[in-house]
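Trainee: Please see the structure below; I have some questions.
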Amino acid sequence: MMTNDNQELYQQVILDHNKKPRNFAKLDPATHTAEGYNPLCGDHLNVYLRLSPQHTIDEITFSGDGCAISKASASMMTTNLKGKSIDETNKMFEQFRELINGKLNPQKDPNILGRLAIFSNIWHYPARVKCASLCWHTMKAALDKEPKAVSTE
Amino acid sequence: MNPKTNFDVRTIRKDFPNLNVHVHGKPLVYLDNAATTLKPRQVIDAISQHYREETSNVHRGVHFLSEQATKKYEKAREKIQHFLNAKESAEIIFTRGTTESINLVAQSYGRTFLKSGDEILISRMEHHSNIVPWQMLCEQVGCRLVVSPINEKGELIWDEFKKRLSAKTKLVSIVYVSNSLGTINPVGDIIDAGHHVGAKVLIDGAQAVSHTEIDVQGLNCDFFAFSGHKLFGPTGIGVLYGKRELLDKMPPYQGGGDMIATVTFEKTLYNVLPYKFEAGTPHVAGVIGLGAAVDYVQSLDRDKAEEHKEQLLAYGTQELLKIPGLRLIGTAKFKTAILAFVLPGIHPHDLGTLVDREGVAIRTGHHCTQPIMQFFNIPATSRASLSIYNTQKEIDTLVRAVKKAKTIFD
Ligand SMILES: Cc1ncc(COP(=O)(O)O)c(C=O)c1O
């Protein structure tokens, strides 16, 4: 009896990532980390990255607590960013931001978002846009910081 | 027809035009009354009449409209005096709301009379607006903020509260009714205990004014703060009640027009109470609207209104607890019609979005009381807060919407 428009937002893929988030662990050692917090919701997460010497994302994980949207978004972000270069990452972040603000139509506009296009309905829920973007901002903040030396011990 | 003898929800609902709105194609079920209540047409009409026919500044002109507006403005002050049973209308100061009222006391009274080594006692269940102004004061004068703990039901622990009172306690500032838990605090005892050690006592009445009759002289509190918008009145207007003997000793909070007697560049003489604390053009329409809101509340049979809300609370508690896994946050013995809860596996924000699609407005989040969330070790709750116009049928709609949301997440 799921005929109402909630399905637009809470699609099976999102519910699944919420229940079984991928790459949901602390990464040790990590080259880049940052903490993200949405004081309005109390959503709280950490993003961990390990970059290769060629500046591609070897590993990306997250930990924390939040609603289904923020958890699923973080989970899907990690699966989509693994192996990507910094340039690709920045481009994807740019397009994701346009997507969740209703400025990019994944069916029409060329993009590299892949499965992330599932968040295209979220701009109908303005109060929830920040839930989807928190992990991306946190990831970006981590990348913009000076890298931490990776300890091999 | 005398509404005083006949509390009829159907009649009451007709007073609130906002109830006729549809949300996502469903009739609005408004259960966010602790955030702000809807406004009856009596209030909307009073504000609209002011802007349509009586627009004018107050205390500043001899022309007809200004005199009209001033009269209504001061009449509203008297209504609020009687509403709170204050000794005189000069003890009623108009502010932007509870938040500004508390800040006024912190900055005017606190900065003048508190010093390093003094203590301010609050509780774990305070709204941020009854925490942060005191933290700011502590930074300014070097006094210390002391926090009294609560128990698992969300009640103040009386012995712990008493233990934290001493000759060092100069101010006690406590919420009458918790907006997150519904807990009704024993403010009479709190005030007496505070006075016993020589402290002044402020009561945050934001949630209390719509729940019970207030008698500031009977309570003997030193300050009492509330917001108009939680009492069926407009936003942007609120009240600080203070005892004259204290207000007289306090310096102005802000400088400007209306708060002065004479101004020269050598010396400015301040105006008398209450104008000393009302610098600048006040929210005239807001004050008039608040006066109408107080009239409205007083036209109701308040005992019957409370009885109605108590029945809704009992019914809502019973029905929500039938949902497997649901846990109520805030189960005080004495509480108002606030139903805050958590459900395993569903974050409150997801629940809020899902029930909103059914037309049900509830609040989700930390409700400006993060220390309470930390105490219960939860990030947030979902909160249904009930008012006089709510019905059992609306609670059924809430429960149905929560169950439906649950099927999506299970
Ligand atoms: C208990 C309590 N205190 C203080 C406030 C602050 O009121 P306002 O935001 O109207 O200043 C509120 C409401 O938000 C409240 O519920």
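The values are calculated or read from the model by the stated rules, or taken from the named source; none is laboratory data. On a predicted model such as this, the values are computed, not experimentally measured, just so you know. Cβ: placed from backbone, ideal geometry, glycine included. Neighbour counts: every protein chain shown.
Trainee: With the condition kept exactly as written, say whether any residue in the stretch B:20-31 is within 16 Å of the ligand (Cβ to nearest atom), crowded, with 17+ Cβ neighbours inside 10 Å and not assigned by TED's automatic domain parsing to the domain that holds B:Pro234.
Mentor: Yes, because at least one residue in the stretch B:20-31 is within 16 Å of the ligand (Cβ to nearest atom), crowded, with 17+ Cβ neighbours inside 10 Å and not assigned by TED's automatic domain parsing to the domain that holds B:Pro234.
Trainee: Name every residue in the stretch B:215-238 that is within 14 Å of the ligand (Cβ to nearest atom) and closer than 19 Å to B:Ser173 by Cβ, in order of residue number.
Mentor: Residues satisfying the conditions are B:Phe223, B:Phe224, B:Ala225, B:Phe226, B:Ser227, B:Lys230, B:Gly238.
Trainee: When you look at B:Thr235, is it part of a loop (DSSP other than H, G, I, E, B), among the β-branched types (Val, Ile, Thr) and closer than 17 Å to B:Ala76 by Cα, yes or no?
Mentor: Considered against the rule, which asks whether it is part of a loop (DSSP other than H, G, I, E, B), among the β-branched types (Val, Ile, Thr) and closer than 17 Å to B:Ala76 by Cα, B:Thr235 comes out as yes.
Trainee: Just a yes or no: is a residue in the stretch A:69-92 in a strand (DSSP E or B), surrounded by fewer than 20 Cβ atoms within 10 Å (Cβ to Cβ) and within 14 Å of chain B (Cβ to nearest Cβ)?
Mentor: no
Trainee: Right, here's the next one. Among the candidates B:Gly291, B:Gly316, B:Gly330, which residue alone is in the same structural domain as B:Leu156 (by TED's automatic domain parsing) and either at pLDDT 95 or above or crowded, with 19+ Cβ neighbours inside 10 Å (or both)?
Mentor: None of the other options fit; the residue is B:Gly291.
Trainee: Are there any strands (runs of 3 or more DSSP E) wholly within the stretch B:298-392 with 1 or more residues that are hydrophobic (A, V, I, L, M, F, W, C) and within 14 Å of chain A (Cβ to nearest Cβ), and if so which?
Mentor: Result: B:338-342.
Trainee: Of all residues in the stretch B:156-182, how many are in contact with an Asp or Glu (Cβ under 6 Å, 6 or more places away or on another chain) and either among the charged types (D, E, K, R) or farther than 16 Å from B:Leu202 by Cα (or both)?
Mentor: Looking only at that region, the number is 2.
Trainee: If you take the residues in the stretch B:355-374 that are buried (at least 20 other Cβ atoms within 10 Å of the Cβ) and closer than 18 Å to B:Arg327 by Cα, which one is farthest from the ligand (Cβ to nearest atom)?
Mentor: Here the residue is B:Val355.
Trainee: Out of B:Ser180, B:Ser166, B:Ser123, B:Ser173, which single residue is surrounded by fewer than 19 Cβ atoms within 10 Å (Cβ to Cβ) and either closer than 17 Å to B:Lys333 by Cβ or of a type in the set (Ser, Thr, Tyr) (or both)?
Mentor: B:Ser166
Trainee: Let me ask something additional. Given the options B:Phe341, B:Phe277, name the one that is of a type outside the set (Lys, Arg) and touching a Pro at 6+ places or on another chain (Cβ under 7 Å).
Mentor: B:Phe277
Trainee: Go through the stretch B:189-206 and give me each residue that's assigned to a helix (DSSP H, G or I) and within 13 Å of B:Phe224 (Cβ to Cβ).
Mentor: Selection gives B:Ile190, B:Ile191.
Trainee: Being touching a Phe, Trp or Tyr at 6+ places or on another chain (Cβ under 9 Å) and among the acidic types (Asp, Glu) is the filter here; which residues of the stretch B:56-108 pass it?
Mentor: B:Glu91, B:Glu100
Trainee: Scan the stretch B:393-409 for residues that are in contact (Cβ under 8 Å) with a residue 60 or more places away in the chain and within 10 Å of chain A (Cβ to nearest Cβ) and report the count.
Mentor: 1
Trainee: List pairs: first in the stretch A:118-142 and more than 10 Å from every other protein chain (Cβ to nearest Cβ), second assigned to a helix (DSSP H, G or I) and among the hydroxyl-bearing types (Ser, Thr, Tyr), Cβ under 6 Å, 6+ apart or cross-chain?
Mentor: That search, which allows pairs on different chains as well, returns A:Ala132/A:Ser73; A:Leu134/A:Ser70; A:Cys135/A:Ser73.
Trainee: Hey, another quick one. Check whether at least one residue in the stretch B:365-380 is at pLDDT 95 or above, among the hydroxyl-bearing types (Ser, Thr, Tyr) and not assigned by TED's automatic domain parsing to the domain that holds B:Ala206, and report yes or no.
Mentor: No, the stretch B:365-380 contains no residue that is at pLDDT 95 or above, among the hydroxyl-bearing types (Ser, Thr, Tyr) and not assigned by TED's automatic domain parsing to the domain that holds B:Ala206.
Trainee: When only residues in the stretch B:189-214 that are touching a Ser or Thr at 6+ places or on another chain (Cβ under 6 Å) and over 30 Å from B:Ile288 (Cα atoms) count, which is farthest from the ligand (Cβ to nearest atom)?
Mentor: Filtering the stretch B:189-214 for residues that are touching a Ser or Thr at 6+ places or on another chain (Cβ under 6 Å) and over 30 Å from B:Ile288 (Cα atoms), the one farthest from the ligand (Cβ to nearest atom) comes out as B:Val197.
Trainee: Could I ask something else about it? How about the stretch A:37-58: which of its residues are away from chain B (no Cβ under 14 Å) and buried (at least 18 other Cβ atoms within 10 Å of the Cβ)?
Mentor: A:Asn46, A:Val47, A:Tyr48, A:Leu49, A:Arg50, A:Leu51, A:Ile57
Here is a yes/no grid of residues against (1) without any contact (Cβ under 8 Å) to a residue 40 or more places away in the chain; (2) surrounded by 14 or more Cβ atoms within 10 Å (Cβ to Cβ):
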| site | (1), (2) |
| --- | --- |
| B:Val197 | yes, yes |
| B:Lys230 | no, yes |
| B:Val239 | no, yes |
| B:Gly255 | yes, no |
| B:Asp258 | no, yes |
